[in-house]
Amino acid sequence: QVQLVESGGGLVQTGGSLRLSCAASGRSFGTYAMGWFRQAPGKERLFVAIISSGGGTTSYTDSVKGRFTISRDNAKNTVDLQMNSLTPEDTAVYYCAADPFSRGSPYQRHYAYWGQGTQVTVSS
């Protein structure tokens, strides 16, 4: 069993930056692919970014490429999402998720463990 706890959300102006962090429990963290997803008000939850178990491979949805960076520290059991050049369209609840089979998939059904989410609000 893995527990995930996100932090770092908040209110920021357009063009600003935030760094989200996800802390994971359990000794198998380093074998899991980790993903970030987000859910805007009234919309479905969508993929944002993935990082492989070792951290060597990352992937992003097109709308955040060049602005967001996913990283992980397996020694600390954490995965971060650095978000720059934020716009109101980035406003959402952000969730981290763990795939114990490390498929590197953007599909939510492949992620067995989820955090409770952290709110990011970008004002115009």
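Between the alpha-carbon centers of the stretch 7-64 and the stretch 108-124, tell me the distance in whole angstrom.
About 7 Å separates the Cα centre of the stretch 7-64 from the one of the stretch 108-124.
Only four residue types carry charge here, +1 at the Cβ of Lys and Arg and -1 at the Cβ of Asp and Glu. Report the dipole size of the chain about the Cα centre in Debye, rounded to the nearest 20. Provide the component values of the computation, followed by the final result.
Details: 11 positive and 8 negative charges, 37 e Å.
About 180 debye.
Long-range amide H contacts for Arg103: which residues qualify at under 5 Å (H placed 1.01 Å from N, peptide plane, sequence gap of 5 or more or a different chain)?
Ala33
Quick one: what are the phi-derived ³J(HN,Hα) couplings along the stretch 34-43, Karplus 6.51/-1.76/1.60 with θ = phi - 60°, whole Hz, x for glycine and proline?
Per-residue couplings from phi come out as 10, x, 10, 10, 9, 10, 7, x, x, 10 Hz.
Calculate what fraction, in whole %, of the accessible area of the chain sits on carbon and sulfur atoms when a 1.4 Å probe is rolled over the protein chains. All intermediate terms of the calculation are to be shown ahead of the outcome.
Numbers: 2990 of 6250 Å².
Reported share for carbon and sulfur atoms: 48 percent.
Could you give each residue of the stretch 95-103 its phi-based ³J(HN,Hα) in whole Hz, using Karplus coefficients 6.51, -1.76, 1.60 with θ = phi - 60°, and x for Gly or Pro?
Calculated HN-Hα couplings, in order: 10, 9, 8, 10, 10, x, 9, 6, 7 Hz.
Please list the non-local residues whose amide H lies under 5 Å from the amide H of Phe68, H modeled 1.01 Å from N, same-chain partners needing a gap of 5 or more.
Asn84
Convert each backbone phi in the stretch 8-23 into a coupling constant with the Karplus relation 6.51 cos²θ - 1.76 cosθ + 1.60 (shift: θ = phi - 60°), then list the ³J(HN,Hα) values in order as whole Hz, x for Gly and Pro.
Once rounded to whole Hz, the list reads x, x, x, 9, 9, 7, 3, x, x, 10, 9, 10, 8, 10, 10, 9.
What full-extension length gain, to one decimal in nm, is calculated for Ser123 and Lys43 as 0.36 nm per residue of separation minus the Cα-Cα distance? The partial results should precede the final answer.
On the way: separation 80, 0.36 × 80 = 28.80 nm, distance 1.85 nm.
Here the segment from Ser123 to Lys43 would lengthen by 27.0 nm.
The values are calculated or read from the model by the stated rules, or taken from the named source; none is laboratory data. Computed from a prediction, not measured in an experiment: that's the story for all the values here. Here the Cβ is made from the backbone with ideal geometry for all residues, glycine too, and neighbour counts use every protein chain on show. Protein only, heavy atoms only, side chains kept; ligands, DNA and RNA dropped before computing areas. Shrake-Rupley method; radii C 1.70, N 1.55, O 1.52, S 1.80 Å.
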